[in-house]
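The values are calculated or read from the model by the stated rules, or taken from the named source; none is laboratory data. It should be emphasised that the depicted structure is a prediction, and the values quoted were computed from it without experimental measurement. Note that we place each Cβ from the backbone using ideal geometry, even for glycine, and neighbour counts take in every protein chain shown.
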Amino acid sequence: METHEIRRRLDTVWRMESPRLIARLARMLGDLDSAEELAQDALVAALEHWPRHGVPDNPAAWLTTTAQRRAIDLLRQRRLHAGKHAAMAQEPDHQGSVVRDHEREVEDDIGDDLLRLLFVACHPVLPADARVALTLRLLCGLSTAEIARAFLLPEATIAQRIVRAKRTLAERGVAFEVPRRQALPPRLRSVLEVVYLVFNEGYAASNGEDWMRPALCEEALRLGRVLAGLMPVSAPVLGLLALMELQASRMNARTGADGGAVLLMEQDRSRWDWLQIGRGQLALEKALALGGDDDAYVLQAAIAECHARARRAAQTDWSRIAQLYARLMAVMPSPVIELNRTVAVARAQGAQAAWPLLEALQEDGRLDGYAPLHAVRGDLLEQLGRRGEARAAFERAAGLSGNGRERAALLARAGKM
C-alpha cells in the first residue's frame, strides 16, 4: 500500500476512533491533557510504523493498545515519583487485559467511556463557548484549526478556550464519571444544550457569508446519535435527535442555485430528505412513548414534524404549530419562542390576530437587537398594507444580521416594498 494511501486511511481511522481513545485514556489517567498527548503519541507512532510494516488488521485496536501501554507506563511513573510502590499491586485490571486481548479491550466499556467524556466536556462549570470548543475537539475529533474555521474565529482564540476549559476542569476536580441519578438531569441538559448549539451554528450560521455550515450539523447529528445509542430510554435525548434529524432533512432545499437563502415556505419540498424525516419521526415516536410530551426538545421536534408532514407549504397545520408553541412557552418561557408563536398565529389566523403579540414583544424590549423580530414585524406590516413601515423594518433587520446571506435576503425584501 502506498504511503499516501496509508496516511489517508490513518486519517479516517483517527477521526472515527480518537474520541473513544481519548475517552478511555482520560478514564485511566483522570487528566485530559495527558489523555490527548498520549493519543497523539499513538498517532505519531502509527505514522512511523504503518508505512514500514503495513496497516494492522485492526487499526483501532493497534492505536488503543499503543496508547494504553504508554498510559500504564505513565501511571507507574506517577506512583513511583509519589513514592507509592505498594500501590502498584492495586493497578486497575485493564493493565493486564491490554496484553491479553487487544481487540476485546477496544470494545470493553466504550459506551461508558464516551458518555463520561461527553459529560466532562459539557460540564456546567465551563462557559458555553468553552463547552462547545472542547466537545468538538474531544468528541468530534476536530482540530483547533477546523473549529476556528467553522466559527470564523482566530485559531488562537479557540486554542485559548480549550486550554482554559481543561485547566478549569482540573482545578475544580471534575470527576470522569457519569453523574449519579439525582445529578443527571441538570448535567444532561448541559450536554444537550452544547449539541444543539453546535447544530444551530451549522444550520443557520450567526456570522460570515455562508447561510449554513453543514459540517457542524453533521458533527452535532453524530453526537446526538451516539448519545441516543448510549441513553436509549431518555426522552430529552431522543427528542433532540428527532429535532435535529427533522431540521437537517431540509438542508438541501435551504439554498438556491446562487447560494442564497430559501425560506421554509418557499422551499422545494421534493428536495427534502424523506428518509431522514422518517428517522426523525421514529425518534419522536419513541420520545413520546417514554412520556416526553412536555419536554422542550420533544415539543420542538413535534413542531418540526408538523412541517415535515406537509408535502406542500399550503398544507402546513399552523393552528397545531401555534398550540405546540404555547405549550413550549409554558415549559421554557422565552421571548424567542413567543416570537415563533406569533409567526404561527399570523399564518393560522392572519396578521391582525398576531399584531398584539408582536407589540407585546416590542414593549418587552429584550429582542430589540434581534434581527428576526424586525423581519417578522416587516412581514406583518407588509400583510397589513403598511409597506413603508415594512421596508424600514426589513432594513433594520438587515442591519442587525451578522450573516451575509440573510442580510442580502432581507435587503431584497426591503427593496420590493
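Going by what's in this entry, would A296 be described as touching a residue at least 12 places away in the same chain (Cβ under 8 Å) and closer than 30 Å to E359 by Cβ?
yes
Please give the number of the condition S143 fails out of (1) at pLDDT 90 or above; (2) of a type outside the set (D, E); (3) closer than 25 Å to N403 by Cα.
So the condition that S143 fails would be (1).
How about the range 360-389: which of its residues are assigned to a helix (DSSP H, G or I) and within 14 Å of R341 (Cβ to Cβ)?
Result: A360, L361, D364, P372, L373, V376, L380.
When you look at A220, is it assigned to a helix (DSSP H, G or I), surrounded by 14 or more Cβ atoms within 10 Å (Cβ to Cβ), at pLDDT below 90 and touching an Asp or Glu at 6+ places or on another chain (Cβ under 9 Å), yes or no? Lay out the reasoning, then the answer.
Numbers: assigned to a helix (DSSP H, G or I): yes; surrounded by 14 or more Cβ atoms within 10 Å (Cβ to Cβ): yes; at pLDDT below 90: yes; touching an Asp or Glu at 6+ places or on another chain (Cβ under 9 Å): yes.
Yes: the conditions hold for A220.
Which numbered condition in (1) within 20 Å of N403 (Cα to Cα); (2) over 22 Å from the mean Cα position of the chain (by Cα); (3) modelled with pLDDT of 90 or more is the only one that R271 fails?
(1)
What number of residues within the range 303-351 are surrounded by 15 or more Cβ atoms within 10 Å (Cβ to Cβ), of a type in the set (S, T, N, Q) and closer than 19 Å to Y370 by Cα?
Number of matching residues: 2.
For residues that are among the hydroxyl-bearing types (S, T, Y) and within 23 Å of the chain's Cα centre (by Cα), tally how many sit in the range 307-354. So that I can check it myself, show each step before the final result.
Taking the range 307-354 first, the residues among the hydroxyl-bearing types (S, T, Y) are 316, 319, 325, 334, 342.
Checking which are within 23 Å of the chain's Cα centre (by Cα) leaves us with 325, 334.
Here the count works out to 2.
Can you pull out every residue in the range 267-324 that is under 22 Å from C217 (Cβ atoms) and acidic (D, E)?
Answer for the range 267-324, where residues must be under 22 Å from C217 (Cβ atoms) and acidic (D, E): D268, D273, D295, E305.
From the list A145, A133, which residue is loosely packed, with under 14 Cβ neighbours inside 10 Å, part of a helix (DSSP H, G or I) and not assigned by TED's automatic domain parsing to the domain that holds E37?
Going through A145, A133 in turn, the sole match is A145.
Would a scan of the range 265-273 turn up a residue that is more than 20 Å from W318 (Cα to Cα) and aromatic (F, W, Y)?
No, every residue in the range 265-273 fails to be more than 20 Å from W318 (Cα to Cα) and aromatic (F, W, Y).
Considering only residues that are charged (D, E, K, R) and in a helix (DSSP H, G or I), look in the range 297-353 and name the one that is farthest from G278 (Cα to Cα).
Checking each candidate, the answer is E338.
Among residues belonging to the range 151-202 that are part of a loop (DSSP other than H, G, I, E, B) and touching a Gly at 6+ places or on another chain (Cβ under 9 Å), point out the one that is modelled with the lowest pLDDT.
Among those residues, the one meeting the criterion is L152.
Look through the range 29-46, keep the residues that are in contact (Cβ under 8 Å) with a residue 40 or more places away in the chain and surrounded by fewer than 18 Cβ atoms within 10 Å (Cβ to Cβ), and return whichever of them is farthest from A165 (Cα to Cα).
Filtering first and then ranking leaves G30.
Looking at the range 267-285, can you tell me whether even one residue there is under 25 Å from E382 (Cα atoms) and surrounded by fewer than 20 Cβ atoms within 10 Å (Cβ to Cβ)?
yes
Look through R187, R172 and report the one residue that is exposed (fewer than 15 other Cβ atoms within 10 Å of the Cβ), under 21 Å from A23 (Cβ atoms) and not acidic (D, E).
When all the criteria are applied, what remains is R172.
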